[in-house]
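A short worksheet on the structure shown next.
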Amino acid sequence: MFNPDMEGLPLEKLRKLQSERLIALAHYVYERVPFYRERFEQQGLHPSMLRGIADIARLPITYKTDLRDQYPFGLSAVPEDQIRRIHASSGTTGKPTVVVYTAEDLELFAEVNARSLYAGGARPGMKMHNAYGYGLFTGGLGIHAGAERLGMAVVPVSGGMTDRQLMLLQDFRPEVICCTPSYAQTLAEEVDKRGIGRGALNLKFGVLGAEPWTETVRADVEAGLGLVATNIYGLSEIIGPGVAQEDWEERGSGSYIWEDHFFPEILDPDTCEPLPEGHDGVLVLTTLTKKGMPLLRYWTNDICSLSYDKGGKRTHIKMSAIKGRADDMLIIRGVNLFPTQVEVLIRDIPELEPHYQLVVSKKGALDRVDVRVEMGDTPLEITQLEGLRAHLMQKIRDNIGLHIDVELMPPGSIPRSEGGKLSRILDLRRNG
Ligand code: DLL
C-alpha cells in the first residue's frame with residue numbers, strides 16, 4: 001500500500017476520523033460558502049447539531065446544476081488569491097463545470113493518485129506513459145502528480161497521435177500505461193494490425209478509467225497489450241481521477257474508494273433515500289478534506305453499488321463497476337438500458353468484436369434503439385451472418401427483455417477512441 005496507515009485503518013477508527021472531518025467540513029462551508037449557509041438555514045440546520053458521520057443524511061445534496069448556477073467561483077470556499085489551479089469539465093451544453101484547488105488540495109490530488117497507481121500495480125522506479133488528456137480535463141495532470149508522488153518517471157504524452165504513442169511505447173519501454181479503456185482498445189488494435197510483437201512492449205499494468213467499461217474490454221486490452229488492467233474512477237467535481245481504484249490482485253471485485261477523503265453513499269434515484277450495501281443506486285460523494293471547493297453529498301449521477309470486501313487488502317469500501325451515468329440510461333418502451341448491458345452480451349459471441357454503438361432514433365412518437373456491432377476479420381457466409389445477428393437479438397431479448405434490431409458492421413467501421421472518452425450512444429433524435 002502507498003499509505004498503509006490510512007488504507008488499512010480499522011473501520012472503527014475510520015468512522016471516527018470521518019466523523020471529525022465531516023463536522024469540521026460542515027462548519028467550514030457554513031462559515032465560508034454562502035450557498036451552503038443558505039441551504040443549512042433553509043433546512044433549520046446548524047453545523048453544531050451534527051454528531052458524526054451517521055448524520056450525513058441531514059446535509060443538503062449538491063447537484064451539478066448547483067455548480068452551473070454558481071459558475072465560475074461561487075462555490076469556492078477560499079479567496080481567489082489562494083487558488084492554485086482551476087480545472088473544468090466541458091458539459092454538452094453551455095458553460096463548463098469549474099473546480100478550484102488550493103495548494104493543499106493539489107497535495108491531496110497527488111496523494112490519492114499515488115495510492116491509486118500503487119494499487120494498480122505501479123511501483124517507484126517504473127515509467128508511466130500517461131495518455132490521459134492534459135489541460136482543463138483532470139485526467140492528465142491528476143495522474144501525473146500521483147506518479148511523481150509515487151516516485152515514477154512520467155511520459156506526459158496526453159491523448160491522440162496514436163503513431164507517436166506506439167513509437168514511444170516501444171522506445172521508452174514504460175511498465176505502466178494510463179488512458180481511457182476505449183483508447184487502450186485502440187492501441188491494442190493498432191499493435192495487432194502493425195504486427196508489433198509482444199517483446200517490443202514492456203507494459204505490465206494499465207490504469208484505465210474516465211468512462212464505463214466491462215470485463216469484455218478488460219480481457220481484450222489485457223490480451224492485446226500484455227498487461228494487467230485495473231479501474232480508476234473519479235470526477236472533476238470531487239477532485240478528478242483517484243477517488244477510487246481497483247487493486248491489481250483483486251480485479252473484478254470493485255474499486256476501493258479512498259474513504260478517509262471521499263465519503264460515499266448510494267441513494268435511490270427516485271426517493272433520494274440511502275440504499276443498503278450491494279444495492280444499485282446513484283453514487284453520492286462528500287469531500288471530507290478539500291479546501292478550495294468542498295462539496296457536500298454531490299450527486300454524481302453514476303449508477304453502482306457499494307460493499308465491504310472482508311478478504312481485501314484494505315479496509316475501505318469498494319464500489320462496483322459503474323453501469324452508466326443516469327443521463328446515459330436509455331428508457332426504451334419502459335425498460336432501462338445502459339450500453340454496458342449490451343456489451344457483456346456481445347462478449348459471449350466470439351465472432352463479434354467489442355466495438356459497438358447503440359443508435360437511438362425516433363420512430364413516430366416512440367424512441368427506438370438499434371445495436372450496431374462489428375464482425376471479426378474472418379469472412380462469413382450470408383446464412384452464418386444471419387444466424388449471428390439472430391443470436392445476439394435473442395440474447396438481448398432473453399437478458400434485457402427488449403426486442404432490439406442488430407446490424408452487423410464491417411471490421412473497423414465503428415468509431416474508435418482517438419485518445420479521450422468514447423460514447424457508445426449515437427443519438428439521432430436531435431440532429432436527424
Ligand atoms: O473522467 C476523471 C478521471 C480521469 C477519472 C481519468 C479516471 C481517469 P470527468 O471528466 O469530470 O472526470 O468525468 C467524470 O466520468 O462521473 C463517470 O460518469 C465517468 N467515469 C470516470 N471514471 C470512470 C470509471 C474524469 N472508472 C465522469 N468507470 C464520472 C466508469 C467513469 N465511469
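Counting every other Cβ atom within 10 Å of each residue's Cβ, T138, T62, T340 order from fewest to most as T340, T62, T138. Using the structure shown, list the pairs from K13/K318; K64/K313; K16/K310 with a Cα-Cα distance above 22 Å, or answer none. Too far apart for the 22 Å limit: K64/K313. Here the label points at T378 and E418, each 7 Å from Cα along the C-beta direction, are separated by 3.3 nm in the simple model.
Across L285, L392, L380, mean-square fluctuation computed from a Gaussian network of the chain (C-alpha pairs under 10 Å connected) peaks at L380.
Label sites at E148 and Q43, each approximated as a point 7 angstrom past Cα along Cα to Cβ, lie 3.8 nm apart. Looking at segment 228-309, none of the trypsin sites (Lys or Arg not before Pro) sits in a DSSP loop with at most 10 other Cβ atoms within 10 Å of its own Cβ. For G324, the residues whose modelled amide H falls within less than 5 Å of its own, excluding neighbours fewer than 5 places apart on the same chain, are I303. Note on segment 15-82: Kirkwood radius taken over Cα pairs, Stokes-Einstein applied at 25 °C and 0.890 mPa s, translational D equal to 192 µm² s⁻¹. In the distance distribution for segment 70-178, Cα-Cα pairs more than 15 Å apart total 67 percent.
Using the Cβ-Cβ distance between D5 and E104 with R0 = 22 Å, the FRET efficiency computed as 1/(1 + (r/R0)^6) comes to roughly 0.75.
Given in Å, the Rg to one decimal and the Dmax to the nearest whole number for the Cα atoms of the chain are 22.2, 73.
Calculated from the alpha-carbon coordinates, segment 114-214 shows an Rg and a Dmax of 12.6, 36 Å respectively.
What are the membrane-span-like helices in the chain by this rule: whole DSSP H runs, Cα extent along the axis at least 20 Å, mean Kyte-Doolittle hydropathy at least -1.0? Counting only whole DSSP H runs, the qualifying helices are 11-32, 103-119, 382-400. Between segment 20-66 and segment 316-367, the C-alpha centres lie 36 angstrom from each other.
Across V100, V406, V217, mean-square fluctuation computed from a Gaussian network of the chain (C-alpha pairs under 10 Å connected) peaks at V406. Here's the list of aspartates and glutamates a cross-link from K95 could span, going by alpha-carbon distance under 13 Å and ignoring same-chain residues fewer than 8 apart: D66, D69.
Would you work out if segment 276-343 is rounded, prolate or oblate? Take a ≥ b ≥ c from the square roots of the eigenvalues of the alpha-carbon gyration tensor; rounded if a/c is under 1.5, else prolate when a/b is larger than b/c, oblate otherwise. In terms of gyration-tensor shape, oblate. Computed over the chain, the per-residue total of -39500 (n - 2.57) for DSSP H runs of n ≥ 4 gives a 222 nm mean residue ellipticity of -9500 deg cm²/dmol, rounded to 500. Here, segment 165-275 yields an orientationally averaged convex hull projection of 8.5 nm² when only Cα atoms define the hull. Is the shape of segment 330-431 rounded, prolate or oblate, going by the alpha carbon gyration tensor and its root eigenvalues a ≥ b ≥ c, with a/c under 1.5 for rounded and a/b larger than b/c for prolate? The shape class here is oblate. Just check segment 380-432 against the gyration tensor rule for me: Cα atoms, a ≥ b ≥ c as the square roots of the eigenvalues, rounded for a/c under 1.5, and otherwise prolate or oblate depending on whether a/b exceeds b/c. Oblate.
Highest GNM mean-square fluctuation among G324, G364, G74, for the chain modelled with Cα contacts below 10 Å: G364.
Give the relative contact order (percent, whole number) for segment 274-372; include only Cα pairs under 8 Å separated by 6+ residues. Rounded, it is 16 percent for segment 274-372. Extension gain for the segment E190 to E80, taken as residue separation times 0.36 nm less the Cα-Cα distance, is 35.1 nm to one decimal.
Checking every one of the GluC sites (Glu not before Pro) in segment 216-251 against DSSP loop status and a limit of 14 other Cβ atoms within 10 Å picks out E249.
We did not get these values from a lab; they are worked out from the coordinates using the rules stated. From a predicted model like this one, the values you see are computed outputs, not experimental measurements. Neighbour counts are summed over all protein chains in view; Cβ atoms, including those assigned to glycine, are modelled from backbone coordinates with ideal geometry.
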